[in-house]
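Data block below; observations after.
The values are calculated or read from the model by the stated rules, or taken from the named source; none is laboratory data. Remember, it's a predicted structure, so these values are computed and weren't measured experimentally. Here the Cβ is made from the backbone with ideal geometry for all residues, glycine too, and neighbour counts use every protein chain on show. These area figures cover heavy atoms from the full protein model, side chains too; ligands, DNA and RNA do not enter into them. Shrake-Rupley method; radii C 1.70, N 1.55, O 1.52, S 1.80 Å.
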Amino acid sequence: SEGMVGIGTGHAAGGGMTGNTLTNRSSRFGSALTPNGAPSANDNRPLTKTVPLRRPHDGSSGYRTAYEADGDDLSVKSNPGLSPPRYVLPCFRFRNKKSAAMAILATAAVFVSVCSAFIAYRHLSSITLSPSAGHFLPPPRKWGAGRESRKLARKERRASSPVKIESKVKSVNYSVYEKDLLNFLFSLRAEGIKSSILPLNGYDPLGQDMGTYTALGCSVFNKLNNNQNSQTTSNTFHKNQIIAIWSSHLSSILEASRHADDNAFTHKNWTSALLKVLSPYTVLEHIPSDNSDRAMDTKDVDRIIGILVRRFLGLLENRGTMPPPLRIAVFGGPTVEGKGCRRARVGMPPGFIMANPAFCAFPYRLEHFLNAILLPKNVLQQLRRTLAGISHGNVTPNEEFRLVEVINLGEEGTDSDYSDAITRNRMYPPLSEAQMSSSNGYSGGPPDLVIDAYGIDDYGRETTELYSFYDALRHPSSDASKECLTEYRKPPPVIVRAVLEEDASSQWKDTSSIFTILLGDAVDDVEEGEMSLPDIQNPDSKETESGGAFGMAGQVASSWTIALNLAYAAISHCGSAGQISQQAVQKMRNTVHHDVSGRCDNGVDPPCLFSFLAGPKGTAPRPSAIASNLMPYIVENTGWQPESDMSTGFARKTGLVGTGVGATMTLLFRNVTRPARRFDVITLRSTSEAWKDGSVQFFLVTGGYFSHGNKAAEESAKVAKETSFEISAELIADRIGGEDRHISYHFGLDLVEGVDAGRLGTDVLLRMILTKGSRFKILGLMLCE
């Protein structure tokens, strides 16, 4: 190749050109060094290094000099015969044309992105802000300003979000029961998806068969118990299984027994003492065998379990419409109403809602206990975290989610006939969609389970009569029911009796097939256990409240006993439950909503020509609601008007009041679309001087044509059927503590059905005349099929 060039250290002057040798001012290829690093004094020869030098290095060539190859960073001071190299920035030193082209493309892309961002910014900044439109982009001049307002807006949006954003997940110590329950729920969700039950159908008819949901829940339960439950139908095995579950989870049961208003759990020691003396053996001793006539009917248990499983699935699905909870209505006398509940060896801090008898009685405690034991707070919060925040309707992340709703319809002075009228005519609070998922109040509508607890106060009746009523509910003779398919009619409620002890006189063991819960032994156990506790003086220095069969301890024990009996019925049913039928699942998924006949009795609306039940737990809680029911039918009225008066008690504050002797109201029902077969009247009875002297005469005429002209009215008078009776407002009872007593009195009448009495298209006339006294209050009228 070409000649070689020598590079050396040069002379003391700093170096230069000597012949063909290019010398540097300093070089790492310097003269020989002494051991201490200094140059040798006798060595004046320059140390040279030969490197090939072909052409000038302009920075754009891929050619490397020896300096570059070795990493030499020395600057070249002179290079004779060559033009000085021009300096090129490192970012522009391209080794080939492809690298140069890629650099140009990257530069163009950056330029286009910047232009696009600028154009988008100018366009978005010109948008007119509208709070209703949901725009959050401020005008240009506020980009730098308003930072605090934007922070506040973000906080408000997060606060209103249904999902609570937790900055740190706190560890939770779950009990064994809560771990087992979480395992069951997530297994239930997995099996629901596997069997195509999830996602839930958007529409479930009122009479939806619950067997599919029950089979799903029972199969998961049996599988987690290694199918031991499904391998036997032994009554003893199921009792032992319930006892084992109860005994091994006493801490969870104690926590679930906390009163909803007792946040600090001030009654913990007292409740724990009661729980220790309650024996589940005693509670389950009187439960009938599975094949007994007194065992709960298979269809009834099937529906109760299915409703709960469907509610669970709605919670686990986290979308769509939430299925309704299990609704329970409790009827009874003063004990169910809560009278005597303040009799307890435990203090009651001021301000407790427990001071209100209704919130101390076992129906309220039963609702809270069932919800707390079926879905503890820790389990619900874990579900919401795992499933990304479950929120339906009014349910917020911190709000209680209810699987069970219980309404207390107990009232002193009423009896089983009263509960029959309410149940038969479906005179419950109107269904409120706004409360479907709320934890406040009963959401309304007919219940799925009715507990007849009049036997606690001996206000009940022969069980043979009660069974006849229940049988009539399950097999209605209504003409309107024939217009509906079964799946579009809500089934009648399951009837369960709750009594203190067996009624030997009625021989209910042999004659009744209604599931009966005996409370007496459990109440005796806890009340005897409570006697070992020290007596507590009432904090408000008032005398303990009288009335009721037992005190607060008995109320707590009643809620436990009812829950144990229902749990036994469910577990024993799962032992014989069948497998999930894919054919039933497919049929359920193919169900679509369609309009039904106007004559269809859907099992929800009252089967009545005319009806109202006044009061906070009735269909007409306010005077205006009573007036709106009456106005279409009034043809004569002197002295009657709806009123609200708290002097007769909260439950009886609203009613239709007649003032003055001779006060008359006439109601005419033209061209009836339902036959009139039953007439129920609920009135006020009182020891008060203002009410006790009142008396009203009722006249009911059916089968006439009073609105078809005088001639037709005269002709129909020959065949029309007239029924009359008189009801007094006097209550024969002693005053308590110098205070008057008030009760709701029920009178029911089966109408004699003649040729024209039940025929459609005829007229029905009802007249009410105040014959004695100055005032009379009607709490309910029901003219029904």
- [ ] Specify whether the C-alpha gyration tensor of region 636-785 places it in the rounded, prolate or oblate class, a ≥ b ≥ c being the square roots of the eigenvalues: rounded for a/c under 1.5, otherwise prolate if a/b is larger than b/c and oblate if not.
- [x] prolate
Open item on the list: As a test of reading the structure, rank ARG775, ARG310 by solvent-accessible area (1.4 Å probe, protein chains only), most first.
Closed with: ARG775, ARG310
- [ ] Measure off 7 Å from each Cα along the Cα-to-Cβ vector at TYR281 and SER628, then give the distance between these two points in nanometres to one decimal.
- [x] 5.8 nm
Open item on the list: List the residues, sorted by chain then number, that are 5 or more residues from PHE610 or on another chain and whose placed amide H is less than 5 Å from its amide H.
Closed with: LEU783
- [ ] Return the distance in nm (one decimal) between the two label points of a simple spin-label model at GLU715 and PHE237, each offset 7 Å from Cα along Cα→Cβ.
- [x] 7.2 nm
TODO: Would you mind checking which residues have amide H under 5 Å from ARG342's amide H? H placed 1.01 Å from N; only 5 or more apart, or other chain.
DONE: GLU545
Task: Difference of contour (0.36 nm per residue) and Cα-Cα distance, LEU224 to ALA244 - done: 5.7 nm
- [ ] Work through the residues other than PRO280 whose Cβ is under 14 Å from its Cβ and net out their charges, Lys, Arg +1 and Asp, Glu -1.
- [x] -1
Task: Heavy-atom accessible area ranking, 1.4 Å probe, most first, across GLU255, GLU487, GLU367 - done: GLU255, GLU487, GLU367
Open item on the list: My understanding is that a pair violates if its Cα-Cα distance is over 25 Å; which of LYS239/LYS339; LYS377/LYS617; LYS617/LYS777; LYS653/LYS692; LYS194/LYS377 do that in this structure?
Closed with: LYS239/LYS339; LYS377/LYS617; LYS194/LYS377
Open item on the list: Can you compute the FRET efficiency between ILE732 and ALA264 using 1/(1 + (r/R0)^6), with r the Cβ-Cβ distance and R0 = 41 Å? Round to the nearest 0.05.
Closed with: 0.35
Task: Under the Karplus curve 6.51 cos²θ - 1.76 cosθ + 1.60, θ = phi - 60°, whole-Hz ³J(HN,Hα) for region 109-118, x wherever Gly or Pro sits - done: 5, 4, 5, 5, 4, 5, 5, 5, 5, 5
Task: Table column - 3J(HN,Hα) (Hz), region 607-613, Karplus curve with 6.51, -1.76, 1.60, x for Gly and Pro - done: x, 10, 6, 7, 6, 7, 10
Task: Two-site FRET efficiency, ILE193 against ASN356, from Cβ-Cβ distance with R₀ of 30 Å, rounded to 0.05 - done: 0.10
Open item on the list: For THR654, what residues show an amide H to amide H distance below 5 Å, using hydrogens built from the backbone and excluding near sequence neighbours?
Closed with: GLY615, ASP645
Open item on the list: Taking the Cα centre as origin and putting +1 on Lys and Arg beta-carbons and -1 on Asp and Glu beta-carbons, what dipole magnitude results for region 603-736, to the nearest 20 debye?
Closed with: 440 debye
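Set the Förster radius R0 to 22 Å, insert the Cβ-Cβ distance between LYS587 and LYS299 as r into 1/(1 + (r/R0)^6), and round the FRET efficiency to 0.05.
On the way: r = 18 Å, r/R0 = 0.81.
Given R0 = 22 Å and the Cβ-Cβ separation, E is 0.80.
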Open item on the list: Net charge around GLY445, counting only other residues with Cβ within less than 9 Å of its Cβ (Lys, Arg = +1; Asp, Glu = -1)?
Closed with: +3
Task: Label point distance in nm, LEU749-ALA106, each placed 7 Å from Cα along Cα→Cβ - done: 10.0 nm
Open item on the list: Leaving ligands and nucleic acids out of the surface, order THR659, THR591, THR648 by accessible area at 1.4 Å, largest first.
Closed with: THR659, THR591, THR648
